[in-house]
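Accompanying notes for the structure given below.
Laboratory data are not the source of any read-out in this text; all were calculated from the coordinates shown. Small disclaimer: the values here were computed from a predicted structure and weren't measured. Virtual Cβ from ideal backbone geometry, glycine too; neighbours counted across all protein chains shown.
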Amino acid sequence: MEHVDMRKLAAAAQEERRRQVIGLREAGLTYGAIAAQVGLTQTGVFDICKRFAARGKAGLKSGRRGPAPGSGRLLDQRQEAEVRDLIRRHLPDALGLPFALWSRAAVAALIEQRHGTRLAVRTMGTYLARWAFTPQPPLRRAYAQQPAAVRDWLRREYPAIVTRARLAKVPSA
């Protein structure tokens with residue numbers, strides 16, 4: 001039988017293949033014979049048998065792959081909570097940082113200042129996304145805009161500018 005990469009099989013198919021391996025091993029076949037029959041490597045067959053010997057039927061189940069959730073974090077929960085609180089309550093310059101607004105670099109500088117942990121900008125983006133701090137698009141309108149004054153300007157001054165441009169024979173936009 002042709003070699004099969006078990007990682008590409010569905011979890012149920014992987015478990016069935018493992019049960020086949022154990023059944024054949026209990027029937028007395030060698031690792032090499034089992035590998036040839038089910039399409040695995042000898043090392044794969046040996047690993048399945050070893051898992052079965054250590055954990056029984058539970059060792060045949062497909063588990064979650066990769067690192068455990070939350071592992072690999074450089075800040076503990078208390079430190080994360082403190083940084084989130086500082087971001088919510090203060091601007092960077094109020095905390096002695098050379099930034100006007102919060103950015104990934106500003107938050108990384110805050111963490112280094114407070115906790116002595118240097119984080120890469122990309123890692124900082126992962127933390128900010130996890131904390132639900134997302135980039136905000138700029139507003140379409142200026143904060144200090146006075147709508148009444150803009151309407152008056154458009155009604156009174158702008159037509160006079162257009163008239164002067166026509167008289168000067170300047171093409172209008």
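Observations
- Failed criterion for PRO67 (all others in (1) surrounded by 11 or more Cβ atoms within 10 Å (Cβ to Cβ); (2) out of contact with any Cys (no Cβ under 9 Å at 6 or more places or on another chain) hold): (1)
- Segment 88-106 residues that are in contact (Cβ under 8 Å) with a residue 12 or more places away in the chain, paired with ones that are in a loop (DSSP other than H, G, I, E, B) and crowded, with 16+ Cβ neighbours inside 10 Å (beta carbon under 8 Å, 6 or more apart): PRO92/TRP102; TRP102/PHE133; ALA106/LEU97
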